[in-house]
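To keep things clear, I will list the structure first and then write my remarks on it.
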Amino acid sequence: EIYVSSIGIARGYLGVPVKTKENFIESPFSKNKYLYKTGDKGVELKDNNYVFLGRNDFQVKIRGHRIELREIENVVNRFEGIKNVAVEVGHNTAGESTINCYYTSEQEINKEDLREHLKNSLPLYMIPNYFIALDEMPLNTSGKIDRSKLRSLDGINSTKLNSGKPKNKKEELMLNIWIEMFNNKNIEIN
């Protein structure tokens, strides 16, 4: 776990003693100094550099935004017809991070309606890039969702929110501008 300490570190969260107790500990190295628990995992190399290994919780960072994946799951779960849901980080064909929403349902889910539902409760950067319908969630031996199996599922390209093709001339023009600007032919309208 990565902890940080400096002269400017706070002694806690103002008015939130429980969270303070969880994330701020007295330094075992110096009296009257505190360490802040970042929630990140890492390893120190022989050359004193550190390698970031990910988060201890389900918070991720995508395109500069910290995103709590469970928050997205909670909002998706409130959509009528959704039975089970798991949100994970994936990667598109260009290697960029994506938010993938895997779900099960006993009825056909209109993905445009689901997207609109999410827009009412979440900022745009938290809206999943892909909605993937599954017959059943993969479970581990203890009956919990096996997230490593979800991350290895193939077929994301066939389960996109919609085809990603431009619906009119304006969208076609915008799409061509973005493709040229980013020199990436894998960009779609979504």
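The numbers here are math on the coordinates, done by the rules we state, and not lab data. Keep in mind the model is a prediction, meaning the values are calculated, not measured. Cβ atoms come from the backbone with ideal geometry, glycine included; neighbour counts cover every protein chain shown.
Return the whole-Å distance between the Cα centroid of region 70-90 and the Cα centroid of region 94-147. Between the Cα centres of region 70-90 and region 94-147 lies a distance of 6 Å. Only helices enter the 222 nm calculation for the chain: every DSSP H run of n ≥ 4 contributes -39,500 (n - 2.57), and dividing by all residues gives -6500 deg cm²/dmol, rounded to 500. Relative contact order of the chain: 12 percent, from C-alpha pairs under 8 Å at least 6 residues apart in sequence. When the pairs 111/170; 21/46; 61/119; 19/61 are compared against a 25 Å limit on Cα-Cα distance, 21/46 fall above it. Note on residue 47 and residue 181: the model spin-label points, each 7 Å out from Cα along the C-beta direction, lie 3.6 nm apart. In terms of Cα atoms, the Rg and Dmax of region 74-148 work out to 12.7, 36 Å.
Computed over region 35-108, the quotient of the alpha carbon radius of gyration and 2.2 N^0.38 Å is 1.44. Each principal axis of the Cα atoms in the chain has its own extent, and those three values, largest first, are 65, 43, 36 angstrom.
Length gained on full extension, residue 165 to residue 121: 13.2 nm, using 0.36 nm per residue less the C-alpha separation.
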